[in-house]
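The values are calculated or read from the model by the stated rules, or taken from the named source; none is laboratory data. All figures in this text were calculated on a predicted structure; none of them were measured in a lab. A quick note on method: Cβ atoms are made from the backbone with ideal geometry, for glycine too, and the neighbour counts reach across all protein chains shown. Just so you know, the surface numbers come from the protein's heavy atoms only, side chains and all, with ligands and any DNA or RNA stripped out. Shrake-Rupley method; radii C 1.70, N 1.55, O 1.52, S 1.80 Å.
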Amino acid sequence: MRKSLQWQALEYPVKTRTSDWYVATVIIIASLVVSAIIFGNALFAVLIVIAAATLFMHTRRPPKLITFEINQEGILSGEIFYPFGNLLAFGIDGDESGPKLILKAQSGFLPIITLPLGEVDIIVVKDYLNDYIKEEPLRVPFSEQVMGFLGF
């Protein structure tokens, strides 16, 4: 049995955004700010502007290359460790951005965790994880699918 399995992948897929995406985003943000001001909610308007600035800063930042590791104690994603004792099941699903390891955790805050598999062999990952947690047919969460559709 292997002691550990390691691979590297980008933290999120690289998306090329056209000027149309930026124009549409600015129109939506401006509409939300104007609506908040019309309804007399200046605090919400300020919150929208702050969120928009954060969004644009995020789109300009290149993704980091993260090292993932599965060992006998759990799964390491960069600096974050998920012990097998806190994981209920795993599944592998994918979309146009590639295959993803989906973990079902006991946590109420973050019950579904998705990790990109990059170029690692899916069969090897399944064989390794089956020794520690059960496999279930898990899917990429709907919120993550929507974010991918919107270009994030």
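In segment 19-39, the residues that are over 15 Å from residue 51 (Cα atoms) and of a type in the set (S, T, N, Q) never reach a residue that is part of a helix (DSSP H, G or I) and modelled with pLDDT of 95 or more with C-beta atoms less than 6 angstrom apart, at least six apart or across chains.
Within segment 84-97, can you find the residues that are open to solvent by 30 Å² or more (accessible area, probe 1.4 Å) and in contact with a strand residue (DSSP E or B) (Cβ under 7 Å, 6 or more places away or on another chain)? 86, 88, 92, 94, listed by residue number. Every test in (1) among the hydrophobic types (A, V, I, L, M, F, W, C); (2) under 12 Å from the mean Cα position of the chain (by Cα); (3) at pLDDT 80 or above is passed by residue 147 save one, and that test is (3).
Among residues of segment 70-99 that are closer than 12 Å to residue 117 by Cα and in contact (Cβ under 8 Å) with a residue 60 or more places away in the chain, those with a Cβ under 6 angstrom from a residue that is open to solvent by 20 Å² or more (accessible area, probe 1.4 Å) and part of a loop (DSSP other than H, G, I, E, B), sequence gap 6+ or separate chain, pair up as 97/13. Checking the structure you have, find out if any residue of segment 101-120 is acidic (Asp, Glu), open to solvent by less than 40 Å² (accessible area, probe 1.4 Å) and out of contact with any Cys (no Cβ under 6 Å at 6 or more places or on another chain). No, segment 101-120 contains no residue that is acidic (Asp, Glu), open to solvent by less than 40 Å² (accessible area, probe 1.4 Å) and out of contact with any Cys (no Cβ under 6 Å at 6 or more places or on another chain).
Total residues in segment 40-69 satisfying the condition of being on the phi < 0 side of the Ramachandran plot, over 24 Å from the mean Cα position of the chain (by Cα) and free of Cβ contacts under 8 Å to residues at least 12 places away in the same chain: the figure is 5. Restricting attention to segment 5-30, and to residues there that are in contact with a Phe, Trp or Tyr (Cβ under 9 Å, 6 or more places away or on another chain) and outside any helix (DSSP H, G or I), which single residue is farthest from residue 58 (Cα to Cα)? Residue satisfying both the conditions and the ranking: 5. Restricting the search to segment 113-137, which residues are under 22 Å from residue 67 (Cβ atoms) and either part of a strand (DSSP E or B) or without any contact (Cβ under 8 Å) to a residue 40 or more places away in the chain (or both)? Matches in segment 113-137: 113, 114, 115, 116, 121, 122, 123, 126, 127. Among all positions in segment 5-21, there is no residue which is surrounded by 12 or more Cβ atoms within 10 Å (Cβ to Cβ), within 24 Å of the chain's Cα centre (by Cα) and among the β-branched types (Val, Ile, Thr).
For segment 25-83, how many residues meet the condition of being among the acidic types (Asp, Glu), within 25 Å of residue 13 (Cα to Cα) and open to solvent by 90 Å² or more (accessible area, probe 1.4 Å)?
Number satisfying all stated conditions: 1.
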